[in-house]
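Quick notes on the structure that follows.
The values are calculated or read from the model by the stated rules, or taken from the named source; none is laboratory data. In this text the structure is predicted, and so the values were computed from the model without any measurement. With ideal geometry, Cβ positions are generated from the backbone for all residues, glycine too; neighbour counts draw on all protein chains shown. The accessibility values were calculated without ligands, DNA or RNA, using every heavy atom of the protein model including side chains. Shrake-Rupley method; radii C 1.70, N 1.55, O 1.52, S 1.80 Å.
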Amino acid sequence: MSNKPAKYLDLSHTIRDGMITYPGLPSPEISDHLSRKDSRSHYAPGTEFHIARIFMVANTGTYLDTPFHRYADGWGLDSLPLERVAGVSGLVVEAPGPAIGAEAFAGAELEGRAVLVRTGWSKHWGTERYGHLEHPHLSEAAVALLVSADPAVVGIDSVNIDDTRTGHRPAHSGLLRAGIPIVEHLTALDVLPTEGFEFFAVPVKVAGMGTFPVRAFAIVR
């Protein structure tokens, strides 16, 4: 066994007050519920705390979609199988797009793995370009191949895994119907090796919700 220390690589965007994740969705609002100053009257001298409040839509920052996001009868965050999003053997697929075909995944071992699509689009995060309609996305053929291969989870460093020029959402529809969670708005995939890492993207356990931000990261051993 190698004595080389593991490397922990953060693949998430930082959520900040007022930022834009997806065009048309409201920005998060971060404020104090209890400030340090106001807390002092509740505790012994020299003891203070800060309790923050955040108001946001679930699709904020780097987030995970479960089947309930797309389907009323799908399982949601509180039923998410942890083996699909924690300690999963990862694979990076290089595919700049905009339309990513099945050939990008041909011949790869996909079953049970975290398949992360590295398009490079995350470099536009925080700019108007990030939400442009020509963003990278999966084609219907790519979705069909992935569904048949049954990866544990599929992620992408783009604004949407689907083509947003129309109202059709074949990637969300196909992957989530098959029980394959989706992680969107990943970043820093360029620092990952093609394989030889474990992927984590665990959201909080909330009933009645299908999407929530995650702290996506990888461990390279």
Identify all residues within the stretch 163-179 that are closer than 17 Å to Val115 by Cβ and free of Cβ contacts under 8 Å to residues at least 60 places away in the same chain; write none if there are none.
-> Pro170, Ala171, Gly174, Leu175, Ala178
Among the candidates Val159, Val115, which residue alone is touching a residue at least 40 places away in the same chain (Cβ under 8 Å), within 17 Å of the chain's Cα centre (by Cα) and assigned to a loop (DSSP other than H, G, I, E, B)?
-> Val159
Give me a count of the residues in the stretch 118-134 that are more than 18 Å from the chain's Cα centre (by Cα) and either at pLDDT below 95 or surrounded by 20 or more Cβ atoms within 10 Å (Cβ to Cβ) (or both).
-> 0
Output for the stretch 43-85, where each listed residue is closer than 17 Å to Ile15 by Cα and of a type in the set (Phe, Trp, Tyr) | Phe55, Tyr63
Is it true that some residue in the stretch 206-216 is surrounded by fewer than 21 Cβ atoms within 10 Å (Cβ to Cβ), out of contact with any Gly (no Cβ under 7 Å at 6 or more places or on another chain) and without any contact (Cβ under 8 Å) to a residue 60 or more places away in the chain?
-> no
Taking the stretch 130-155 as the region of interest, how many residues are within 21 Å of Thr66 (Cβ to Cβ) and in a loop (DSSP other than H, G, I, E, B)?
-> 3
At least 2 residues that are open to solvent by 80 Å² or more (accessible area, probe 1.4 Å) and touching a Pro at 6+ places or on another chain (Cβ under 9 Å) in each: list the strands (runs of 3 or more DSSP E) lying fully within the stretch 3-100 that qualify.
-> 51-55
Do we find that Gly87 is under 19 Å from the mean Cα position of the chain (by Cα), closer than 30 Å to Ile219 by Cβ and at pLDDT below 95 in this structure?
-> no
For the stretch 122-136, does any single residue satisfy the condition of being closer than 17 Å to Thr194 by Cβ and among the small types (Gly, Ala, Ser)?
-> no
Of all residues making up the stretch 162-197, the number that are within 18 Å of Lys123 (Cα to Cα), part of a loop (DSSP other than H, G, I, E, B) and touching a Lys or Arg at 6+ places or on another chain (Cβ under 7 Å) = 0
Within the stretch 199-209, how many residues are of a type outside the set (Gly, Ala, Ser) and under 16 Å from Ile156 (Cα atoms)?
-> 3
